[in-house]
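The values are calculated or read from the model by the stated rules, or taken from the named source; none is laboratory data. Computed from a predicted model, the values in this text were never measured in an experiment. Heavy atoms of the whole protein, side chains included, go into the accessibility calculation; ligands, DNA and RNA do not. Shrake-Rupley method; radii C 1.70, N 1.55, O 1.52, S 1.80 Å.
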Amino acid sequence: MKCVTCKGPAVIDIRRHNANFCVDHFFELCRRQVMKAIDDHSMIAKGEKVLVAVSGGKDSLAVWDLLLDLGYEADGLYIGLGIGEYSDTSGDHARAFATERGLTLLEVDVPGRFGYDIPSGSRAARRAPCSACGLSKRHLFDEAAIQGGYDVLVTGHNLDDEAAVLFGNTLHWQTDFLGRQHPVLPARDGFPRKVKPLVRLTERETAAYCVLRGIDYLVDECPMAAGNKHISYKLALNDIEKMSPGAKHSFYFGFLDRAAALFEPEAEADREELHPCASCGAPTTAETCAFCRLVDRAGGEVPHDDQPSAVPVVLGTTRAGAKQ
Ligand code: Q46
Ligand code: ZN
Ligand code: ZN
């Protein structure tokens with residue numbers, strides 16, 4: 001197996017590109033794909049202050065590493081969700097990555113600050129674990145980005161994630177969601193701009209990137225993921241991809257090119273008037289936001305110290321330079 005560019009020994013075959021790559025040219029491919037996603041969708045301008053949502057898994061560490069490598073100044077944000085050993089280990093991976101590279105990692109500990117963890121809090125609030133978790137993460141990502149004065153919030157969603165969400169939204173014809181499924185959500189009404197620079201890379205590629213770069217990421221799946229429909233959508237799409245390499249890419253990017261705009265007016269019309277939450281000030285359509293209602297029902301499930309500040313704790317101290 002030879003590298004398509006230099007004819008040296010290849011380490012990975014990528015069937016949708018019909019090509020094999022050596023280590024260096026695979027890194028180059030990853031950087032090129034991230035740059036293209038950023039340019040095509042005007043995700044991040046040079047000099048903007050970037051916050052990366054970091055879980056300790058392959059995608060978030062890969063995107064943080066790639067952005068630094070491309071010359072962006074990027075801090076990380078880790079949210080401790082209190083999912084037992086899984087959260088302990090994921091936090092260790094995020095902190096180790098930041099410490100080894102002298103990066104700034106902000107941290108919010110949900111049990112410590114709000115008095116619930118995802119297993120007990122989701123039961124108390126009668127929500128599915130991933131629903132309570134997703135709501136908590138979205139709220140705390142937005143809060144940290146706005147309060148920290150960041151221009152843009154980056155998440156590590158990859159092509160498999162986006163194709164699986166699109167598959168689910170299409171399967172159920174959730175046209176309002178289809179109108180909002182875009183790799184960039186512009187800043188509006190107190191929400192930060194949110195971008196997904198890994199949409200042109202698959203999870204196999206982000207895993208390979210981490211392994212070849214020597215990035216130590218958390219391999220274990222979240223124990224609360226069982227029953228999550230997106231996992232079965234990903235498996236179905238993997239079967240299709242095996243028979244038809246490039247299918248995921250053309251499904252997702254074909255949608256963005258040819259169909260997404262058709263659903264945007266509906267999503268826009270569905271947008272209700274937002275005003276500040278009476279309790280925390282975050283934008284919401286109700287009197288108090290869904291996160292504050294979750295904390296009302298779930299808070300107190302575990303001991304906590306009522307951290308008064310909404311500003312995350314700064315763990316690292318040195319601002320990022322490009323990784324060597
Ligand atoms: S961490 Fe949270 Fe995921 Fe675990 S509880 Fe579900 S949403 S599966 S990315
Ligand atoms: Zn090569
Ligand atoms: Zn609120």
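Please tell me which of these pairs span more than 20 angstrom C-alpha to C-alpha: Lys194/Lys248; Lys137/Lys234; Lys137/Lys196; Lys2/Lys248; Lys58/Lys234? Mind dumping the intermediate values first?
Working: Lys194/Lys248 22 Å; Lys137/Lys234 22 Å; Lys137/Lys196 16 Å; Lys2/Lys248 25 Å; Lys58/Lys234 17 Å.
Checking Cα-Cα distances, Lys194/Lys248; Lys137/Lys234; Lys2/Lys248 exceed 20 Å.
Under the classification rounded if a/c is under 1.5, otherwise prolate if a/b is larger than b/c and oblate if not, where does the stretch 190-253 fall, given a ≥ b ≥ c as square roots of the Cα gyration tensor eigenvalues? Spell out each step's value before the answer.
Numbers: a/c = 1.19, a/b = 1.14, b/c = 1.05.
It comes out rounded by the Cα gyration axes.
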Open item on the list: Can you list residues from other chains, or at least 5 along the same chain, whose modelled amide H is less than 5 Å from the amide H of Lys2?
Closed with: Ala10
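Once fully extended, how much extra length lies between Asp24 and Lys229, figured as 0.36 nm per residue of separation less the alpha-carbon to alpha-carbon distance? It would help to have the intermediate numbers written out before the result.
Working: separation 205, 0.36 × 205 = 73.80 nm, distance 3.60 nm.
Net length gain for the segment: 70.2 nm.
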TODO: Multiply the residue gap between Glu264 and Leu171 by 0.36 nm, knock off their C-alpha separation, and tell me the result in nm, one decimal place.
DONE: 31.7 nm
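With a ≥ b ≥ c taken as the square roots of the eigenvalues of the C-alpha gyration tensor of the stretch 203-293, please select rounded if a/c is under 1.5 and otherwise prolate if a/b is larger than b/c or oblate if it is not? Intermediate results must be reported in sequence, preceding the final value.
Numbers: a/c = 2.46, a/b = 1.45, b/c = 1.70.
It comes out oblate by the Cα gyration axes.
Relative contact order for the stretch 108-255: what is it in percent, counting Cα pairs under 8 Å that are at least 6 residues apart? Don't skip to the end; give the middle numbers.
On the way: 126 pairs, mean separation 38.0, N = 148.
In percent, rounded to a whole number, it is 26.
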Open item on the list: Can you compute the helix-only [θ] at 222 nm over the chain? Use -39500 (n - 2.57) per DSSP H run of at least 4 residues, normalise by all residues, nearest 500 deg cm²/dmol.
Closed with: -14500 deg cm²/dmol
TODO: Could you tell me what percent of the accessible area of the stretch 121-253 is made up of carbon and sulfur, with a 1.4 Å probe and every protein chain present?
DONE: 57 percent
TODO: Provide the per-residue ³J(HN,Hα) series for the stretch 109-120, in order, calculated from phi with Karplus coefficients 6.51, -1.76, 1.60 and θ = phi - 60°, each as a whole number of Hz, with x at glycine and proline positions.
DONE: 9, 4, x, x, 8, 10, x, 9, 10, 5, x, 6
TODO: Can you work out the accessible area per residue across the chain, with the rest of the protein chains kept in place, probe 1.4 Å, in square angstrom?
DONE: 48 Å²
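Once you compute Rg and the Kirkwood Rh from C-alpha atoms, what is the Rg to Rh ratio for the chain?
Details: Rg = 19.8 Å, Rh = 20.7 Å.
My calculation of the ratio gives 0.96.
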Open item on the list: Largest first and in whole Å, what are the equivalent-ellipsoid semi-axes of the stretch 43-127 based on the Cα gyration tensor, each being the root of 5 times an eigenvalue?
Closed with: 28, 14, 11
Open item on the list: Pick from His41, His249, His17 the residue whose mean-square fluctuation is largest in a GNM of the chain, springs joining Cα atoms under 10 Å.
Closed with: His17
